[in-house]
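Below is one structure, written out as C-alpha cells; comments come after it.
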Amino acid sequence: MKNIDWANIRLIAILCVTVFLYAFTGKRNEQRNLEKAEIFFADNDKFITKDAVNKLLIQNFGPVNTIKKVQLDLNKVEKTISANPMVGRAKVYATVDGKLIAEITQKQPVARAFQGTKSYYIDYGGKAMPLSESETARVPLLTGDFNKLDRKKLKELLNYIYDDDFLRKNITGISVMSTGYITMSTRGYSYDILFGGPVNIDRKFKNYKAFLQDATKDTLIENYKTINLKFTEQVVCTKK
C-alpha cells in the first residue's frame, strides 16, 4: 500500500473550502441591497447637483436601498445619468460594502447664446446646453446671426477663448453681424474689437495681445473706439 500524502490532501481540502466560502460569500453579497449612492463631480462647477442626480436615480430605478446588487445594470445607470443635458460623462460602480458610486464629468459651457427669446449655453463640444438652475457660468455672451457661421469655425473660436486664461477672463461679448463678421467686447475697456470672420484665430489674438502690451503703456487707451484685427499683419485702431 502506497504512503498517503496527507500534506497534499490537507492542501486540496483547504483549497476546496476556500473556494466554497468565496463563492458562498460572493453569492450572498450579490443578494444584498445597496445601502446608498455617493455622487462625485470631476470639476468644481455644479451645473447639476447631487440632489438632482439622486432624484434621477430614484425616478428610473427606485430608492437605491431597494436595489439588489445582482439586479444592478451599471451600464444602464451610466447611460441614464449621461443622458442628462448637463452631464458629459458618467462612471458608475458598486463597492463591496454596498455603495453605488457615480463619478460625473459635467459639460463645460464656453458661451451663452441669445437667440430671440431663447437663451442657452454652447458647450465645449459645440452643442446646445440648457441653462442651469444651480449655477451661472461666466462665459462670453453670444448674440447676432451666429447661426450663419460655420459650426466648426464657431466652435474653434469659442474654445480658443475658453482655453486661453487671459481671453476667458476678458472677452465678455461676441456679436455676429449679418455679413458673418464678428465684433467683441471686453471687460475693463469700452472699445470694440473688430475680429472679422472666424479665420486666422490664433494670429489675430496674438496680434491683439501684442497691441495691448504696448497700448496699456498709453494712458489714453480709453480713447480708442475700435481695435481692428481683420488684417493679420497689423492692428488698426480708431479713436473716439
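The values are calculated or read from the model by the stated rules, or taken from the named source; none is laboratory data. Please read these numbers as outputs of a predicted model, since none were measured by experiment. Glycine also receives a Cβ, built like all others from the backbone with ideal geometry; neighbour counts cover every protein chain displayed. Keep in mind that these areas ignore ligands, DNA and RNA; they rest on the heavy atoms of the full protein, side chains included. Shrake-Rupley method; radii C 1.70, N 1.55, O 1.52, S 1.80 Å.
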Could you go through the stretch 118-134 in sequence order and give the Karplus-derived ³J(HN,Hα) for each residue, using 6.51 cos²θ - 1.76 cosθ + 1.60 with θ = phi - 60°, rounded to whole Hz, and x for Gly and Pro?
8, 9, 7, 8, 10, 8, 5, x, x, 10, 5, 9, x, 5, 9, 7, 9
Rounded to whole angstrom, the alpha-carbon centroid of the stretch 59-138 lies from that of the stretch 161-200 at a distance of 31 Å
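Work through the residues other than Gly126 whose Cβ is under 15 Å from its Cβ and net out their charges, Lys, Arg +1 and Asp, Glu -1. If you can, show how the numbers build up before the last one.
Numbers: positive: Lys107, Arg112, Lys127, Arg151, Lys152, Lys153, Lys155; negative: Asp123, Asp150, Glu156, Asp163.
Taking every Cβ under 15 Å from that of Gly126, the sum is +3.
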Taking amide H atoms as placed 1.01 Å from N in the peptide plane, list the residues 5 or more away in sequence, or in a different chain, whose amide H sits under 5 Å from that of Tyr124.
Gln108, Val110
Give me the distance in nm between label points sitting 7 Å out from Cα along the Cα-to-Cβ direction at Lys209 and Leu141, one decimal.
2.7 nm
Over the heavy atoms of Met177, what accessible area does a 1.4 Å probe trace out, to the nearest 10 Å²?
80 Å²
Can you tell me which lysines have their Cα less than 30 Å from the Cα of Lys76? Leave out same-chain residues fewer than eight positions away.
Lys27, Lys36, Lys46, Lys50, Lys55, Lys68, Lys91, Lys99, Lys107, Lys127
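Can you give the % of DSSP beta bridges in the stretch 117-240 that are antiparallel, to the nearest 5?
70 percent
With contacts defined as alpha carbon pairs under 8 Å and 6 or more residues apart, what's the relative contact order of the chain in percent? Mind showing how you got there, number by number?
Numbers: 372 pairs, mean separation 28.1, N = 240.
About 12 percent, as a whole number.
Please find the FRET efficiency linking Thr66 to Phe231, where r is the Cβ-Cβ separation and R0 is fixed at 41 Å, and quote it to the nearest 0.05. Don't skip to the end; give the middle numbers.
On the way: r = 66 Å, r/R0 = 1.62.
So the FRET efficiency works out to roughly 0.05.
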State the percentage of accessible surface on the chain attributable to carbon and sulfur atoms; use a 1.4 Å probe and exclude ligands, DNA and RNA.
54 percent
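Less than 12 Å Cβ to Cβ from Val110, Lys/Arg counted +1 and Asp/Glu -1: what total charge do the surrounding residues give? Please list the in-between numbers first.
Details: positive: Lys107, Arg112, Lys127, Arg138, Lys155, Arg168; negative: Asp123, Glu156, Asp163, Asp164.
Every neighbour counted, the sum reads +2.
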Any aspartates and glutamates whose Cα falls less than 13 Å from that of Lys153, other than same-chain ones fewer than 8 residues away, would be Asp202
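With every protein chain left in place, what is the accessible area per residue of the chain in square angstrom, probe 1.4 Å?
Per-residue value: 63 Å².
What FRET efficiency comes out for the pair Asn44/Asp150, r = Cβ-Cβ distance, R0 = 35 Å, nearest 0.05?
0.60
How large is the dipole of the chain about the Cα centre if only Lys and Arg carry +1 and Asp and Glu carry -1, each at its Cβ, rounded to the nearest 20 debye?
Details: 38 positive and 26 negative charges, 75 e Å.
That gives a dipole near 360 debye.
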From most to least accessible, 1.4 Å probe, no ligand or DNA/RNA atoms counted, Tyr160, Tyr191 line up as Tyr160, Tyr191
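Using only alpha carbon pairs under 8 Å that are at least six residues apart, calculate the relative contact order of the stretch 39-158 and give it in whole percent. The partial results should precede the final answer.
Numbers: 165 pairs, mean separation 28.5, N = 120.
The normalised contact order for the stretch 39-158 reaches 24 percent.
If you take every DSSP beta bridge fully contained in the chain, what fraction is antiparallel? Give it as a percent rounded to 5. List each step's numbers first, then the result.
Working: 29 of 44 bridges.
Close to 65 percent.
Over the stretch 47-107, what relative contact order in percent results from Cα pairs under 8 Å that are six or more residues apart?
Reported as a whole number, the value is 28 percent.
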Based solely on its DSSP helices, what 222 nm [θ] is calculated for the chain when runs of n ≥ 4 H residues each add -39,500 (n - 2.57) and the sum is averaged over all residues, nearest 500 deg cm²/dmol?
-10500 deg cm²/dmol
Kirkwood Rh over Cα pairs of the stretch 111-217 into Stokes-Einstein at 20 °C, 1.002 mPa s: D in µm²/s?
149 µm²/s
(i) 149; (ii) 112; (iii) 220: which one is volume of the Cα convex hull per residue in Å³ as calculated from this entry?
(iii)
Crossing angle, helix 151-163 versus the chain [Cα axis fit, 0-90 degrees, rounded to tens]
80 degrees
Gain on full stretching of the segment that runs from Asp97 to Gln115 - 0.36 nm per residue minus C-alpha separation
1.6 nm
With the dipole of the stretch 126-240 defined by +1 on each Lys or Arg Cβ and -1 on each Asp or Glu Cβ, the option from Leu194, Asn159, Thr143 whose Cα lies farthest towards the positive pole is Leu194
